[in-house]
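Heads up: the structure comes next, in structure tokens.
The values are calculated or read from the model by the stated rules, or taken from the named source; none is laboratory data. None of the values given here were measured: they were computed from a predicted structure. All Cβ positions, even for glycine, are placed from backbone atoms using ideal geometry, and neighbour counts span all protein chains on display.
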Amino acid sequence: DTGVSQDPRHKITKRGQNVTFRCDPISEHNRLYWYRQTLGQGPEFLTYFQNEAQLEKSRLLSDRFSAERPKGSFSTLEIQRTEQGDSAMYLCASSPGVAGENGELFFGEGSRLTVL
Amino acid sequence: RKEVEQDPGPFNVPEGATVAFNCTYSNSASQSFFWYRQDCRKEPKLLMSVYSSGNEDGRFTAQLNRASQYISLLIRDSKLSDSATYLCVVTFSGGYNKLIFGAGTRLAVHP
């Protein structure tokens, strides 16, 4: 399977703990996105990379959240001092070019975070 | 006000019915428009782009009204397999790589 893969698929943690999610995009895609989705809502933009450069970050992303894409391939999203409100599905997506041109983001199956 | 608004539904329709969803967006400088489909507990997938002249893909027709800032999706001859959440997606001027998703409209097609 050469699609977008995310790990872990599920994470249960206690409030105050740190968690890290990994995303491996489709190999030839230079653009990578992180979204968050809660029940009954659409995906909410968090951040975007072009190669290793983080070009945009949502104002919703507090300083407890950090994302990296060190070699322009896989990416990590870390959440420090987790809160119950961080419970959500974290979706990673990639695209081969400018997403707004044809709108096609290829999403992974997501990493579901539950903060107790 | 949300950037992209949709009627959450659910729309419960029988097989063979025609159903239409609308979506409104707040930024008049919006550039590109799309419909995504998300099955239960699955990731979103692109359904179709929405062009100013309107476009059709089989049983699906998408239309854009820039003056009124709304987008529509029409599904004809609904199938059980069309049951899903339909997400309206917009990009805004200056944010061409950032796709903004609506909350989605849920469709349930029954026999």
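Summary of values
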item	result
Selection from region A:27-39 of residues that are buried (at least 16 other Cβ atoms within 10 Å of the Cβ), at pLDDT 95 or above and assigned to a loop (DSSP other than H, G, I, E, B)	none
Which numbered condition residue B:97 misses (of (1) closer than 18 Å to residue A:103 by Cβ; (2) in contact (Cβ under 8 Å) with a residue 12 or more places away in the chain)	(2)
Residue A:54 vs. criteria within 14 Å of chain B (Cβ to nearest Cβ), within 29 Å of residue B:107 (Cβ to Cβ) and of a type in the set (S, T, N, Q)	no
Boolean, residue A:82 is over 14 Å from the mean Cα position of the chain (by Cα), in contact (Cβ under 8 Å) with a residue 24 or more places away in the chain, part of a strand (DSSP E or B) and over 23 Å from residue B:91 (Cβ atoms)	no
Of the criteria (1) under 24 Å from residue A:2 (Cα atoms); (2) within 12 Å of chain B (Cβ to nearest Cβ); (3) in a loop (DSSP other than H, G, I, E, B), which one residue A:42 fails	(1)
Odd one out for residue B:78, checked against (1) closer than 30 Å to residue A:59 by Cβ; (2) assigned to a loop (DSSP other than H, G, I, E, B); (3) among the hydroxyl-bearing types (Ser, Thr, Tyr)	(1)
Identity of the residue in region A:68-116, of a type in the set (D, E, K, R) and within 12 Å of another protein chain (Cβ to nearest Cβ), that ends up farthest from residue A:37 (Cα to Cα)	A:101
